[in-house]
Amino acid sequence: MEEKPEKLISDEGIRVDGRRPDELRPVKMEVGVLDKSDGSAYVEFGGTKVIAAVFGPREAHPRHLALPDRAILNCRYHMTSFSVEERKPLGMTRREVELSKVIREALETVVFLEEFPRASIDVYIEVIQADGGTRTTGLTAASLALADAGIPMADLIAAVAVGKVEGQLVLDLCDVEDKYGEADMPVAIAPRFNSIVLLQLNGRLTPEEFKKGMELAQKGIAEIYRMQRETLKKKFSSARMEA
Amino acid sequence: MPVYFSEHEVVLPGQLLSDNGKRSGEGTYSVGGKVYAAQIGFAIVKNNKVTVIPFKGAYKPAPGDRVIGIVSDVKPNGFEVDLGRHLTGIIRVPDRAEVKSMNLKVGDVIYVKVRESGLSGVILERSTRIKKFESGLLIQIHPVKIPRLIGKKGSMISMVKKLTGCDIVTGKNGLIVINGPSPKHEFAAMKAIQLIDQEAHTSGLTERVEKLIKELLEK
């Protein structure tokens, strides 16, 4: 178990991992990483590593769940048992079931489900290594995987957490800051229309801090959105128009 | 009328394409009088509509499309046809006796036309004599790659047909039936089609397909 550091933010305003308060962790993104899926993505935020895979549109199972006018979106957020410091038992915990639901609801706001009546679109998010911000990283990866699968959607989703650590607002919390900080607020936004698709808050923020935190999140999200678009463009830039 | 993309540019979901909401075509959507891309693909202007040609994606049935399907169920009032992936088409036959006389069994591979597609499902055209494949190799590729497989005025597919001597029938849903003089020729055609599927958007594809077929046939 990691010990609580004496100070989470140094007198010079540098955080435990050497970042400034408004700085993201090093981000790595890749799409099309899995052969057998229709679309996939790998996203890394510092020590947090996530793979997302999309299957579908395919026949909905069990069949009675299929809707006559639109597709159903299934989402499974799961942490591998080796992703955390102490081995996580197999299967879905209460937390994972809940996160699957909020991620699904965020994705449903952008995907045009009515294009595929009676079908289902399945999104699987596997956390390979967890170091804080897995739901936001998972959502970022899932939206990339959906776009990679060619599923019609209104926009990509970019997500990041903001929090309060030792009285100061910081962007993109790592695990230690999340555990010993005062507040953690994951935010997901579809940037085209600036619509907030996921917003949770653990801990306490004053209304002013909340406003400032949202601004900080928006800044981070703009950066992540830019990286997402770059990643997708890069994959298909070799494509040429023929026929 | 201004557009916000260059011809054949790769666009991403959410990208602004046009200021005129009435020009929203396939692969796009319009909100507040503006057109945005809904899929990754090439943006083009077709019939004065802004359209995105996707790189990947599912087949969307449209009336008049010719598709290949596998009969998956025979019912008193018709047939259910598996069109690959998530789609199931139906052939409605009002008369029970006629169902029998059409002589279709579960597992038969047929070539049919889409009559209508909507919330009531995919309805396939009913004719007394539906084309049934008695033999051949059935393969599946991405439906969005079918236009590339056919090529400009059928140039690509006719080249594959000529070089391999195979008869190739393509369904818009991505299923393809190959009938050739020998398994070797059929295999060569299959490999060529799979190459087109994988490398549909690269240049110099025609030459590579030609080379591959010749190599495979010489072995």
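The values are calculated or read from the model by the stated rules, or taken from the named source; none is laboratory data. What you see is a predicted model; the values in this text were computed from it and never measured. With ideal geometry, Cβ positions are generated from the backbone for all residues, glycine too; neighbour counts draw on all protein chains shown. Surface areas here come from the heavy atoms of the whole protein model, side chains and all, with no ligands, DNA or RNA. Shrake-Rupley method; radii C 1.70, N 1.55, O 1.52, S 1.80 Å.
Spin-label pair A:Phe112-B:Lys184: with each label point 7 Å from Cα along the Cα-Cβ axis, the two points sit 4.8 nm from one another. Per residue of peptide A:101-114, the mean number of Cβ atoms on other chains within 10 Å of the residue Cβ is 1. Each label was represented as a point 7 Å from its Cα along the Cα-to-Cβ direction; for A:Glu3 and A:Asn202 these points are 2.4 nm apart. Rolling a 1.4 angstrom probe over chain A with all protein chains present gives an accessible area of which 51% lies on carbon and sulfur atoms.
Between A:Ala149, A:Ala190, A:Ala60, the GNM of chain A built on Cα springs shorter than 10 angstrom shows A:Ala60 fluctuating the most.
May I ask what percent, to the nearest 5, of DSSP beta bridges between residues of region A:68-181 are antiparallel?
So the antiparallel bridges amount to about 40 percent of the total.
Note on exposure: B:Tyr111, A:Tyr225 ranked by accessible area (1.4 Å probe, complete protein assembly) read B:Tyr111, A:Tyr225, with the most exposed listed first. Solvent-accessible area lost on pairing B with A (1.4 Å probe, both sides summed) amounts to about 3000 Å². Taking the inverse of the mean 1/r over every pair of distinct Cα atoms in region A:152-233 gives a Kirkwood hydrodynamic radius of 13.1 Å. Here the calculated FRET efficiency for A:Lys233 and A:Asp11, from their Cβ-Cβ distance with R0 = 30 Å, stands at 0.10, rounded to the nearest 0.05. When every Cα-Cα distance of region A:1-144 is counted in 5 angstrom steps from zero, the calculated P(r) takes the values 2, 9, 16, 18, 18, 14, 9, 6, 3, 3, 2, 0 percent.
Taking A:Thr80, A:Thr136, A:Thr93 in turn, the Gaussian network model of chain A (Cα-Cα springs below 10 Å) assigns the largest fluctuation to A:Thr93. Could you identify which residue out of B:Asp108, B:Asp197, B:Asp19 has the top mean-square fluctuation in a GNM of chain B using Cα springs shorter than 10 Å? In the Gaussian network model the winner is B:Asp19. At a probe radius of 1.4 Å, what is the per-residue accessible area of B:Val52, in Å² to the nearest 10? My reading of the accessible area for B:Val52 is about 10 Å².
The angle between the Cα long axis of helix A:134-148 and the longest principal axis of the Cα atoms of chain A comes to about 30 degrees, rounded to the nearest 10.
Out of the DSSP beta bridges found with both residues in region A:27-235, what percent are antiparallel (nearest 5)?
Antiparallel: roughly 85 percent of the beta bridges in region A:27-235.
Placing pseudo-labels 7 Å out from each Cα toward the beta carbon at B:Leu16 and A:Lys212 gives an inter-label distance of 3.2 nm. Across the protein chains, with a 1.4 Å probe defining accessible surface, the residues A:Met29, B:Met156 rank A:Met29, B:Met156 from largest area downward. Calculated from the alpha-carbon coordinates, region B:9-53 shows an Rg and a Dmax of 8.7, 23 Å respectively.
In the full protein context, the protein assembly as shown carries 47 Å² of accessible surface per residue, based on a 1.4 Å probe and ignoring ligands, DNA and RNA.
Based on the Kirkwood radius over alpha-carbon pairs, what value in µm²/s does the Stokes-Einstein equation return for the translational diffusion coefficient of chain A at 25 °C and 0.890 mPa s?
Translational diffusion coefficient: 132 µm²/s.
The loop-placed chymotrypsin sites (Phe, Trp or Tyr not before Pro) in region A:1-99, going by DSSP, that have at most 15 neighbouring Cβ atoms within 10 Å of their Cβ come out as A:Phe82. Charge dipole of chain A (Cα centre as origin; +1 on each Lys and Arg Cβ, -1 on each Asp and Glu Cβ, all else neutral): 600 debye, rounded to the nearest 20.
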